[in-house]
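The values are calculated or read from the model by the stated rules, or taken from the named source; none is laboratory data. From a predicted model like this one, the values you see are computed outputs, not experimental measurements. Note that each Cβ is placed from the backbone with ideal geometry, even for glycine, and that neighbours are counted across all protein chains shown.
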2 protein chains.
Amino acid sequence: MEIRQRVKMSDVARTAGVSVATVSKVVNGRWGVSQSTVDRVQQVIEMLGYEASLGAQSLRSHRTHVLGILVAEFEPFSTELLKGASAAADQTDYELLAYAAGTRGSKVGWERRSLARLSGTLIDGAILVTPTVLEAKQGVHVVAIDPHTGPSGMPTIDSDNFAGAQLATNYLLDLGHRRIGFIGGRPDLESARLREVGFRQAMAAAGVTVDETLVRVGGYRTETAEGPARELLSQANRPTAVFAANDLSAIATVTAANSLGLSVPDDLSVIGFDNVPESAMASPPLTTIKQPLQQMGAEALRLLVDLIAGVERDIHVRLPTELVVRASCRPLV
Amino acid sequence: MEIRQRVKMSDVARTAGVSVATVSKVVNGRWGVSQSTVDRVQQVIEMLGYEASLGAQSLRSHRTHVLGILVAEFEPFSTELLKGASAAADQTDYELLAYAAGTRGSKVGWERRSLARLSGTLIDGAILVTPTVLEAKQGVHVVAIDPHTGPSGMPTIDSDNFAGAQLATNYLLDLGHRRIGFIGGRPDLESARLREVGFRQAMAAAGVTVDETLVRVGGYRTETAEGPARELLSQANRPTAVFAANDLSAIATVTAANSLGLSVPDDLSVIGFDNVPESAMASPPLTTIKQPLQQMGAEALRLLVDLIAGVERDIHVRLPTELVVRASCRPLV
DNA sequence: ATGAAAGCGCTAACAC
DNA sequence: GTGTTAGCGCTTTCAT
C-alpha cells in the first residue's frame, strides 16, 4: 500500500512545476496568474488532494474563516448552543470550531486560556459560553453567552432569567406549595443570581417567607448538586417543592429524592431551568423553564459575524423564557 | 483602558530579560535552566498571562495534546457523541477540539478535508463521525464512529445496528402491524444498510412480505426525510406503521403524518433509531432503538488515546442496542 | 546555563 | 505572470 505523507503546498508546487507563491495565489484566488497555470495547479491540487493546513495558514494570514465556540466541557447546555450556532454557521461562509478546555485544569480561567491559545491564530472570533472572567480583548471579536456579569460593554446573549425564575416560583405557588426549596446555580454567574432574585421576589410578592434552611448552592452540575440536594431533603422539615436553578441540578434533586425513598412528584415537586433535552428524558419528565438555547447559539453566531463585518447593531440580545409543564410537579393537597 | 495585545513568547522573554529559547524551555519543562531563571520566567508568564498559541506551537512541535472530533455539523447525533467523548477526555490529559466542516461545501469529502486541514498540525489524533471516504492515513491516528464500511482495517466504534433493526421490526410485528413502511438512512453508511437488512430479515422471519412501495430513502436528516415520508403516507394504501432508520427521520415522519391529518399513534405507529434526546421531547415521545451514543463517544476517545499510546488492543468496538418504548406506537386493533 | 539561528507550512511584498 | 524572500510564533539543535 502506498504511504501518503501529508500533502503540503510545496508538493503541489513541485508537481505542477511552479513556485509555492504561485500555488498560494491560486489557492487564495489572488490576481495575477495566467489561466493555464491556474488550471494546471488546480488539477494537481485535486490529484494530490491538497488541503491547506489550518495551523500554518492562520499563523501567517490571521484570517481563517473559522469561528470558535469556547466551552469548559461539552455538556447538555453547551451542546444545545452548539446546535444552534452550527445551524447559523451554515448560513454563512464560516466554519465552526468548538474547543473544550477540560475541567481538569485550573477550572477557573479556562476562558482566558482557551481564548489566548486560539485567538490571533486559528479563529477569527469567538463565542464564550458562561465565562467568568472577561476582559475586553483587542484584536479578537468575542461574544459571551450567559456571562458572569450582566450586559456590559461586551457583546452578550442571554435569556430572561429573572422572569423565568418568577414563572417557576409562581407555578409552584399556584400549585399550593409554600415550603419551597431552592438549589442555586454557580455563584459566579449572573444568571444564577437573577434566578435567585426572581425566586425571592416571587415568594415575597405572594407573601411567603423564604425559609433560609431550604436554600442551597448546587453549582449547576450534577456532581455538585447532589450533595446539597440530599442535605436539603434530609432535613426534618423538608420542603414540598424544589426549584432548582438548572435542569441538571433538578435531575440531581430527583435522584437524591429517590435515594431517600421519596417519589417525585408524589412526595416532592421539582422544577428545573433550561429545558435541555435531558429534562424530557428524565423520569418523571421534568417540568422546567425553557431557555431557547439553540436560538441563543444562533443569535450569538450571527452577532459575532456582524461584529466582524463591522455592522452597527445592538450588542445585547435577550431572549424570552417560558414554562414547560411536564410531570415532575403536582398540586399540594 | 489599557490595550492588551496578544502576549507572545518574545514579550515574556524581553520582560524576563532572557531569550525566547529559554522561555520555551521553561514552558515545556525542558532540562537545563537554572532554578532562579525558571522562577523568574514563570513569574513573568503569570504576570503577563502568557499562553502559547496553539497554531504556532503545533506547527513546530507536532504534539499538541489536543484530540479532534470531526463532524459534518453539530446535530443531535454528533453532540451526544461529543458529550461522551468530552467526559472521557476529562479522564486524560488531552483537550478536545470539535470541528464542523459545514454542510455548504462539497457535502461529500468533508472528512478528508477536515482531516487534512487539522492533522499534522493542531491535533494528535482524530475521531471521525460517520465518515464516507476513509483511507488509511499515515501519521495521524484516526478512529471512525459509524463509518461507511463495516469494521475493516481502520479502528471503528459502532453499535449493533442489525440486531437493533430486528428489535424495532419485531416490536411493530408483535403489535400486530403487517403493512410496515421503512424510511431508510444514508445509503453511503454501513449503519443504514444494516438497519434495512435487519428490517427485511425480521419481516421475512415473520413471513411478512415487504411491500416495496412502502420503502423510501430518508437520508437521516429532517430535511431529506420529510418529503419521502409525505410521499409514503400519501399513498392510497398507506402503512399502519413506519420504521424510520433514525430518530430525526422518525420525527419528520410524525410531522408529515400530522400535516396529512394523521395522528400518531392512533392512525400510524412510528418507531425510530438512535434515542437522541430529541426523541423524548417529541410529541408524542418517540418509541425508538437506543444506541449508547455517549458511551460510543467515550469508547472512541479511549480507543484513540490507546492507539496514540501504542497500546495493543482490539480496534473494533461494537456496543449493544435496545428497545425504548415510549408513546409513538400502539397495537393494531 | 543560555542564546543564536534554522525552520514548521504558509502568505504577502517585492523583484524579475 | 512568476519566483524570491521575509517572516507569523514557536521549538530545537548547536554554539557559546
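A few comments on the model shown:
- Enumerated helices (runs of 4 or more DSSP H) restricted to segment A:234-314, each holding at least 1 residues that are more than 18 Å from A:Glu75 (Cα to Cα): A:247-259, A:293-309
Okay, residues lined up against (1) within 14 Å of another protein chain (Cβ to nearest Cβ); (2) surrounded by 24 or more Cβ atoms within 10 Å (Cβ to Cβ); (3) within 29 Å of A:Arg318 (Cβ to Cβ); (4) modelled with pLDDT of 95 or more:
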{"site": "A:Thr209", "(1), (2), (3), (4)": "no, no, no, yes"}
{"site": "A:Glu212", "(1), (2), (3), (4)": "no, no, no, yes"}
{"site": "A:Val217", "(1), (2), (3), (4)": "no, no, yes, yes"}
{"site": "A:Arg230", "(1), (2), (3), (4)": "no, no, no, yes"}
{"site": "A:Asn246", "(1), (2), (3), (4)": "no, yes, yes, yes"}
{"site": "A:Ser249", "(1), (2), (3), (4)": "no, yes, yes, yes"}
{"site": "A:Ser279", "(1), (2), (3), (4)": "yes, yes, yes, yes"}
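- Residue ranges of helices (runs of 4 or more DSSP H) in segment B:1-95 with at least 3 members in contact with a Ser or Thr (Cβ under 7 Å, 6 or more places away or on another chain) and within 12 Å of another protein chain (Cβ to nearest Cβ): B:54-61, B:76-89
- Scanning segment A:96-130 for residues that are at the interface with chain B (Cβ under 7 Å from one of its Cβ atoms) and part of a loop (DSSP other than H, G, I, E, B), we see that the one that is nearest to A:Leu307 (Cα to Cα) is A:Gly120.
- Within the option set B:Ala87, B:Ala56, B:Ala13, B:Ala52, being among the aliphatic types (A, V, I, L, M) and away from DNA strand C (no atom under 16 Å from the Cβ) holds for one residue only, B:Ala87.
- Count of residues meeting criterion [modelled with pLDDT under 95 and out of contact with any strand residue (DSSP E or B) (no Cβ under 7 Å at 6 or more places or on another chain)] in segment A:286-310: 2
- Among the conditions (1) small (Gly, Ala, Ser); (2) assigned to a helix (DSSP H, G or I); (3) in contact with an Asp or Glu (Cβ under 9 Å, 6 or more places away or on another chain), the only one that A:Ala192 does not satisfy is (3).
- For segment A:28-49, a tally of residues being within 13 Å of DNA strand D (Cβ to nearest atom), in contact (Cβ under 8 Å) with a residue 24 or more places away in the chain and under 21 Å from B:Gly109 (Cα atoms) returns 2.
- Any hit, segment A:116-135, residues being more than 27 Å from B:Ala89 (Cα to Cα) and modelled with pLDDT under 95: yes
- Search result, residues across segment A:22-49 that are within 11 Å of DNA strand C (Cβ to nearest atom), at pLDDT below 95 and small (Gly, Ala, Ser): A:Gly29, A:Gly32
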